[in-house]
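The values are calculated or read from the model by the stated rules, or taken from the named source; none is laboratory data. Remember, predicted model here, so these are calculated numbers, not experimental data. Cβ sites come from the backbone with ideal geometry, for glycine too, and all protein chains shown count toward neighbours.
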Amino acid sequence: MFFEEPTAAYESLTARMKALAVVRPIVGLDSSKAKTERGWHGYRLAELALAAVDFVALSSDMGTMVRQEAVAKEVARYAALQVPEGTESEREAVGTWITERLINVEERDRAFRQPIGTLNEEGFSVRDFPFQILREVPDEVGRAALVVTEAAINVLLHAIDIDVASAQIATEARLTAMLKRARIEDALQAALHARRQSLRYAKQLTDWRAAMQRSVRAISWADQVDEEVELALEHVKARSDAETAMRQRVGELLEVTEDEGKRRQLIDLGAVLADCLARHAGLTTLLVELGPEFRRQQDRQVFVVPALHTRVHLEDQLLRPVLELPIDSADGPLAAFTRAAFGPKRPHVLYLPDFFAALCRVTEIQSLEPAVVQTDHEWDESADEPLFTAEQEQEAADLLASVPATGVRLSSLLQQARLNPPGVSQRWGTDHLVALRVQELFRNIPVSRLAEGREAVVAIDDGVELDDQRFGGSDFLVLSVRADPVNATGGAPAARPIPSPRRPGAPALAKDQV
Amino acid sequence: MTNDDVADATRMIAMALGRGRVPARSSEYARLVQRYHRDPDYAHMVHMAAKGFDLTVLGVDHRSGLILGTTAESSLSLSVTELVPNTGDRPLYLLAQLAIATLAFPRPQDLDDDEFVGRVTVSAVDDYVREHALAIEQRINAAGEDQDPPTGQPGLEALWRAYLRRSATGRTKGDNEPFGSSRKIVERALKHLVDYGFMHKVPGDGEGTYVTHVKYRVQIRELAAGEMLKELAALGISRLPSSDLGHKTGDPAPPTPGAPGPTPAATLAD
């Protein structure tokens, strides 16, 4: 996840908890004792409470205020919609009760309280968060009238029935303002908030896309989506510009700020902004893809003849009947199902010219970095015990290096190798290593060495059978040769008896092992 | 139509036959899928090319690319013996394949929902089949019918009995689950689906959970379910979905022998 100061992250939790606390008294109305005691089962009290808040908020907009009675009357009007058969007095009672509950008349200071945890420099603590929903204030003639508190407006009016786009703009404005005043902690909160808005935005778009993938008819492109997408695209572009500017501002602030704590906050803020930008890039893609996706879905769903498949209830129509069939009869239907479920198998060879073309084609990934081959270092790190010790390797190399130009038989090389018996720790003696090396020489003639005119040791199979107690096969003639360099004289070094690399008859395989 | 168009069409078939090829990972494949949706002539050509292989185009999707279905004649059609060489396990294995699909898409609308992801586990599939088999057994016991197969004719034993006879887990001498236990058979069936890219295994609570790939739903919906309905209809069995009739009984009604009549399969016989 993203690096965030724990106090900053927790502050966001606290802030959201406060918002949720404001919802609680409203939601709690429907589970209150009064509702059951008074037989108000048919009324949805929480909804009536929201209606009350709405009424007060709208009525007290222009500096005017509204009296409690008016609110109760308004609530009664809504109550009549919910329970038309209820009596007038019952509705009035409901209206009054709800208004009083929203003012919280039972508390002396009229405050609702919610314990909420906070984290600050002193550590974690739980404090009571007091808040009000409807507040009584004296009006211009000194009589008590009702206003809606800030908390109630923010949570109950704004947050629940929110317009994503405008909320995002508001957040952005707040963030910029805070950055200007270098209130970094607040700005970080605002940035985190902006990020949540982005998440919601993305969710709305993906929901949309999912809906149209299910059925394009669920969405009217011309009426609804087209305009919205245009707006949203513009909006995302503007947001990206704004966030780029803010990041720049954060960079500037970082240069002038000395305070270590502030610097860290700024870095956090930069990280959040960078994340926002990345999200917007994702959102832009989503928006750009929405149109083609709609057309694709439209092609798929509308312009295509209805699919041939009928709805099949797998359990009722297939599984249950087949379970009762005798095994022999069930085989046909079940095999047909399984065969069809798996689709075509992959053929081993499609068409040979295709393979040729495929092999010759340059891959799409153009970076032709040579693959890293294991280095000596990695070999050394191998956990396997080496079969032969370094001394044995050296011994075998010395033996082969001292091979004369006249040649020497493998059998005599093996004899020489056995002069030094293997130590107790070795499974195999040096003779085994020599046999392997000679076999290697037979198979891989050092052509490049010869072509360069350098001396090289080669093994030749002249048909002599190896007579040895451990190894079988040909008794190779091992000899050191030197050829003329290919480009020196122009004469081909054809005179040399370089054998064809055919397989020797049963190469030096240990008789007693394998 | 030029030779290049033919190459494009056949290339798309080749892409579909290749394992693990998806438009998202190949710009060429993505281009071909896009062309399929935009260019009806090209789409037709792809259909014709597939027909040449005795394959049918089940769907073309930007997520899974071209999805091909086999016809009975196709040489590319998978033989069931390849999947389950042991003839003794074969009926149970095939039943497991059907049960997996049924449990992954419990409602018919799940097959239609492009966003739907089915989830199954080995034990859930096994329990599910057992539950149905036990329900049949109870009903038959209540009716007092004799369902023992005639001696020497194991092929006449009812499938549900064969499944119940097989132990779910058990232990071998080596303290392993026997290879032929019904759960092992279900596990093998799921593993094959994973191998073919129709399912993905995800870590689950206690045991692995298998989730369906988009392709699997298309194969079941567009082809497998219909093929099986046709086969059942040929045996004279047709059943309407009980949920559509508005009543859901615990015990299924006995199969309807006799003339297929107007079955749902009739509409599928395209």
Response to the item:
For B:GLY69, the lone unmet condition from (1) modelled with pLDDT of 85 or more; (2) more than 30 Å from B:VAL129 (Cα to Cα); (3) crowded, with 17+ Cβ neighbours inside 10 Å is (2)
Worksheet item: Would you pick out the residues in segment A:436-471 that are within 58 Å of the chain's Cα centre (by Cα), of a type outside the set (A, V, I, L, M, F, W, C) and more than 13 Å from A:ARG482 (Cβ to Cβ)?
Response: A:ARG437, A:GLN439, A:GLU440, A:ARG443, A:ASN444, A:SER448
Worksheet entry | Hits in segment A:101-115 (condition: in contact with an Asp or Glu (Cβ under 8 Å, 6 or more places away or on another chain) and surrounded by 15 or more Cβ atoms within 10 Å (Cβ to Cβ)) | A:ILE103, A:ARG110, A:GLN114
Discussion item. Can you confirm whether A:ALA340 is assigned to a helix (DSSP H, G or I), closer than 30 Å to B:LEU95 by Cα and at pLDDT 60 or above?
Written reply: yes
Worksheet item: Among the residues of segment B:72-93 satisfying the criterion of being buried (at least 18 other Cβ atoms within 10 Å of the Cβ) and without any contact (Cβ under 8 Å) to a residue 60 or more places away in the chain, which is nearest to A:ALA335 (Cα to Cα)?
Response: B:VAL80
Worksheet item: Does A:ARG279 satisfy being basic (Lys, Arg) and modelled with pLDDT of 75 or more?
Response: yes
Fill in: Candidates B:LEU98, B:LEU92, filtered to the one that is more than 18 Å from B:TYR196 (Cα to Cα) and at pLDDT 90 or above
B:LEU92
Item to complete: Residue by residue through segment B:140-156, note down the ones that are at pLDDT 85 or above and at the interface with chain A (Cβ under 10 Å from one of its Cβ atoms).
Response: B:ILE140
Worksheet item: In segment B:101-110, what residues are modelled with pLDDT under 85 and either aliphatic (A, V, I, L, M) or assigned to a helix (DSSP H, G or I) (or both)?
Response: B:PRO108, B:GLN109, B:ASP110
Practice prompt. Kindly indicate whether any position in segment B:113-126 is surrounded by 15 or more Cβ atoms within 10 Å (Cβ to Cβ), farther than 21 Å from B:VAL202 by Cα and more than 7 Å from chain A (Cβ to nearest Cβ).
Written response: no
Discussion item. Yes or no: segment B:200-210 includes at least one residue that is part of a helix (DSSP H, G or I) and either more than 7 Å from every other protein chain (Cβ to nearest Cβ) or not acidic (Asp, Glu) (or both).
Written reply: no
Discussion item. Based on this model, can you work out whether A:THR206 counts as at pLDDT 70 or above, within 14 Å of chain B (Cβ to nearest Cβ) and within 25 Å of the chain's Cα centre (by Cα)?
Written reply: yes
Response to the item:
Taking segment A:78-100 and keeping only residues that are modelled with pLDDT under 90, among the polar types (S, T, N, Q) and surrounded by 15 or more Cβ atoms within 10 Å (Cβ to Cβ), one is left with A:THR96, A:THR99
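Looking at segment A:67-125, which of its residues are of a type in the set (S, T, N, Q) and touching a Ser or Thr at 6+ places or on another chain (Cβ under 9 Å)?
A:GLN68, A:THR118, A:ASN120, A:SER125
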Discussion item. Quick test of your reading of the structure: B:VAL122 fulfils all but one of (1) touching a Lys or Arg at 6+ places or on another chain (Cβ under 6 Å); (2) without any contact (Cβ under 8 Å) to a residue 24 or more places away in the chain. Name the failing condition by number.
Written reply: (2)
Fill in: Residue satisfying all of: in segment B:1-17; facing chain A (nearest Cβ under 10 Å) and either surrounded by 15 or more Cβ atoms within 10 Å (Cβ to Cβ) or of a type in the set (S, T, N, Q) (or both); nearest to A:ARG339 (Cα to Cα) among these
B:LEU17
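Give segment B:35-46 a look and list any residue that's surrounded by 15 or more Cβ atoms within 10 Å (Cβ to Cβ) and of a type outside the set (Ser, Thr, Tyr), or say none.
If the condition is that a residue be surrounded by 15 or more Cβ atoms within 10 Å (Cβ to Cβ) and of a type outside the set (Ser, Thr, Tyr), then B:ARG35, B:HIS37, B:ALA43, B:MET45, B:VAL46 are the ones that fit.
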Worksheet item: Of the conditions (1) within 13 Å of chain A (Cβ to nearest Cβ); (2) under 25 Å from B:GLY59 (Cα atoms); (3) modelled with pLDDT under 90, B:LEU190 fails just one. Which one is it?
Response: (3)
Worksheet entry | Some residue of segment A:17-40 being among the charged types (D, E, K, R), farther than 30 Å from A:GLY261 by Cα and part of a loop (DSSP other than H, G, I, E, B) | yes
Item to complete: Consider only pairs whose beta carbons are under 7 Å apart and that are at least six residues apart or on different chains; among these, list those whose first residue lies in segment A:396-412 and is closer than 11 Å to A:ALA435 by Cβ and whose second residue is surrounded by 11 or more Cβ atoms within 10 Å (Cβ to Cβ) and basic (Lys, Arg).
Response: A:ALA396/A:ARG437
